[in-house]
Amino acid sequence: MTNPAMIDLEAVKLTNAQMAWRAAQDIEDGAYVNLGIGLPELVAKFQPDGREAIFHTENGVLGFGPAPAKGAEDWDLINAGKKAVTLKPGAAFFHHADSFAMVRGGHLNVAILGAYEVAENGDLANWSTGAGGVPAVGGAMDLVHGARRVAVITDHVTKSGAPKLLTRCTLPLTGVGCVTRIYSSLAVIDIAQGRFVLREKVAGLSVEQLQSLTGAKLHIEAPVTDLTAAQVA
Amino acid sequence: MDKSIPSLAQAVADIPDGASVMIGGFGGSGAPIELIHALIDAGPRNLTVINNNAGNGHVGLAALIAAGQVAKLICSFPRSADPRVFNAKYLAGEIDLELVPQGTLAERIRAGGAGTPAFYTPTSFGTDLARGKPVAEFEGRSYVQERWLKADFALIKAEAGDVMGNLTYRMAARNFNPIMAMAARTTIAQVSRIAPLGSLDPETVVTPGIFVNRVVLAENPAQEEVLNRQEAVYP
């Protein structure tokens, strides 16, 4: 199934920064948050005024801040993506077993991860395309079972237009029944009782058009609001 | 008591062929580059190496793999900015890979150090990485049984160490180093400075000396990231 209605998605979809901005609006003040490598990392840029989240990185830092100026990197101070970061007041260091005790022990409020596929039963596939090569998993399988809320931030469809939101994942799973909310480039969707529940959609698409780009049924339980995002970059 | 060793070469001289070796670090941060290079010079082969990654560029762990000394790697993320060395060996079938989720890897190592032969974790339940492992239900949720991980040797990097083996770390370079120190029969720590006995505040010691067998000075240690930007190759 590839974009049957030939909808001009580029005209209606959120940018990566806008998706990240939308996800950031749901992070409560004082939350401990882990952001996956890549697109989810952008969420840290868009904390709403008056709220402060504390960011956790698997390699043993709580309370890290943005990248330092070029040339000012300290390579003992990196994040899980091996990028140089800085410290905010109140930061703390710890070893890897404690870091994953924070994860597995349910101490993080939120983890936001990328996705290859998400299924209506909450299954997530984001670590292997199953295509051979060298497999790598990192901390994704731990994060999906640790944080109290596991959200996904992803384009609604693949580059070729195929749905990434499916009845069941086809790729190797990262976790079973773990995702509770999806911030896609076209919609905000909750996963509840094994179903996709549509909460918000971009104004430029009808529900029917969005459904045609989604691989499982979208349920509507309450009025669907427009998915709007600040003009951020 | 004096656990200090005069040279990096002496510190690793008795690591034999076939040994299992934990190597600290997360990417280049906290990686004991000088000890790894001493191990390359010493030349034991058929090693099983436990590290979070699989090396980057042509120094440190990547250089150890390139030298053909590693038969098996246990890691969570064998991907890096420049993974060519590991990828070539892996795709040629010249190195075994045991892929372990990062938190499970850390807890297996901690368990090894703490004398806990097995534990249950929700991580990997229902995935390919749980295949063949016992599963049990606790309070209505499914968990996968994982086993401890121990090693003959650990090569770790710390900031300061005294002759009793007490260690402090620097920033996020701590990562796997303290737990690997616990899980190996012989733990060898390279330190940026030797602290006079009594000068380390006991309140700030992260790894107590009981977990450390040898302390060796590596002043101004190299950072893998810096070496790679210089396109360094070892040896």
Legend entry - Long-range neighbours under 6 Å by Cβ, at least six apart or interchain, first residue within 19 Å of A:PRO223 (Cα to Cα) within the range A:165-194, second in a strand (DSSP E or B) and aromatic (Phe, Trp, Tyr): A:ILE189/A:PHE196
Legend entry - The listed residue being closer than 30 Å to B:GLN145 by Cβ, modelled with pLDDT of 95 or more and of a type in the set (Asp, Glu), out of B:ASP17, B:ASP96: B:ASP96
Inset, instruction - Looking for whichever is in contact with a helix residue (DSSP H, G or I) (Cβ under 6 Å, 6 or more places away or on another chain), on the phi < 0 side of the Ramachandran plot, hydrophobic (A, V, I, L, M, F, W, C) and more than 14 Å from chain B (Cβ to nearest Cβ) here; the options are A:VAL134, A:VAL202. Which one fits? - result: A:VAL202
Inset, instruction - For the range B:70-77, state whether one or more residues are of a type outside the set (A, V, I, L, M, F, W, C) and surrounded by fewer than 23 Cβ atoms within 10 Å (Cβ to Cβ). - result: yes
Inset, instruction - Determine if the range A:89-104 includes at least one residue that is farther than 30 Å from B:PRO221 by Cβ and either touching a Gly at 6+ places or on another chain (Cβ under 7 Å) or at pLDDT 95 or above (or both). - result: yes
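Can you say whether B:ILE179 is buried (at least 20 other Cβ atoms within 10 Å of the Cβ) and either among the acidic types (Asp, Glu) or in a strand (DSSP E or B) (or both), as far as the supplied structure shows?
Spelling it out, it is not the case that B:ILE179 is buried (at least 20 other Cβ atoms within 10 Å of the Cβ) and either among the acidic types (Asp, Glu) or in a strand (DSSP E or B) (or both).
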Inset, instruction - Hey, can you tell me all the residues within the range B:116-142 that are away from chain A (no Cβ under 11 Å) and closer than 24 Å to B:MET180 by Cβ? - result: B:THR116, B:PRO117, B:ALA118, B:LYS133
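Any residue that is within 15 Å of the chain's Cα centre (by Cα), without any contact (Cβ under 8 Å) to a residue 24 or more places away in the chain and either assigned to a loop (DSSP other than H, G, I, E, B) or facing another protein chain (nearest Cβ under 8 Å) (or both) - is there at least one of those in the range B:70-88? It would help to see each step written out before you state the result.
Step one: list which residues in the range B:70-88 are within 15 Å of the chain's Cα centre (by Cα), which gives B:70, B:72-78.
Going one step further and asking which of them are without any contact (Cβ under 8 Å) to a residue 24 or more places away in the chain, we end up with none.
Looking for residues that are within 15 Å of the chain's Cα centre (by Cα), without any contact (Cβ under 8 Å) to a residue 24 or more places away in the chain and either assigned to a loop (DSSP other than H, G, I, E, B) or facing another protein chain (nearest Cβ under 8 Å) (or both), one finds none in the range B:70-88, hence no.
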Legend entry - Where a residue in the range A:129-146 is in contact (Cβ under 8 Å) with a residue 60 or more places away in the chain and its partner, wherever it lies, is of a type in the set (Asp, Glu), with Cβ under 6 Å and at least six apart: A:GLY139/A:GLU58
Inset, instruction - Pick out the one residue from A:VAL144, A:VAL150, A:VAL110, A:VAL179 that is in contact with a Cys (Cβ under 8 Å, 6 or more places away or on another chain), more than 11 Å from every other protein chain (Cβ to nearest Cβ) and closer than 25 Å to A:TYR32 by Cα. - result: A:VAL150
Inset, instruction - Mind listing just one residue for me: the one in the range B:92-103 that is outside any loop (DSSP other than H, G, I, E, B) and within 7 Å of chain A (Cβ to nearest Cβ) and, of those, nearest to the chain's Cα centre (by Cα)? - result: B:GLN102
Inset, instruction - With respect to B:GLY113, determine if the residue is more than 8 Å from every other protein chain (Cβ to nearest Cβ), out of contact with any strand residue (DSSP E or B) (no Cβ under 7 Å at 6 or more places or on another chain) and under 25 Å from B:PRO178 (Cα atoms). - result: yes
Legend entry - Matching residues, the range B:206-227, being in a helix (DSSP H, G or I), of a type outside the set (A, V, I, L, M, F, W, C) and more than 10 Å from chain A (Cβ to nearest Cβ): B:GLY209
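Restricting attention to the range A:65-88, and to residues there that are within 25 Å of the chain's Cα centre (by Cα) and of a type in the set (A, V, I, L, M, F, W, C), which single residue is nearest to B:ASN220 (Cα to Cα)? Full working, then the answer.
Of the residues in the range A:65-88, the ones within 25 Å of the chain's Cα centre (by Cα) are A:65-68, A:77-88.
Then keep just the ones that are of a type in the set (A, V, I, L, M, F, W, C); that gives A:67, A:77-78, A:80, A:84-85, A:87.
Values: A:ALA67: 24, A:LEU77: 16, A:ILE78: 19, A:ALA80: 24, A:ALA84: 19, A:VAL85: 21, A:LEU87: 23 Å.
Ranking the candidates gives A:LEU77 first.
Identify, from the list A:LEU205, A:LEU171, A:LEU198, the residue that is crowded, with 20+ Cβ neighbours inside 10 Å, in a loop (DSSP other than H, G, I, E, B) and aliphatic (A, V, I, L, M).
A:LEU205
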Inset, instruction - Just name the residue that is farthest from the other protein chains (Cβ to nearest Cβ) out of those in the range B:6-30 that are part of a strand (DSSP E or B) and small (Gly, Ala, Ser). - result: B:SER20
Legend entry - Matching residues, the range A:16-56, being over 25 Å from A:LEU186 (Cα atoms) and in contact with a strand residue (DSSP E or B) (Cβ under 6 Å, 6 or more places away or on another chain): A:ALA31, A:TYR32, A:ALA53, A:ILE54, A:PHE55, A:HIS56
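The values are calculated or read from the model by the stated rules, or taken from the named source; none is laboratory data. Everything quoted here is computed from the prediction, not taken from an experiment. A quick note on method: Cβ atoms are made from the backbone with ideal geometry, for glycine too, and the neighbour counts reach across all protein chains shown.
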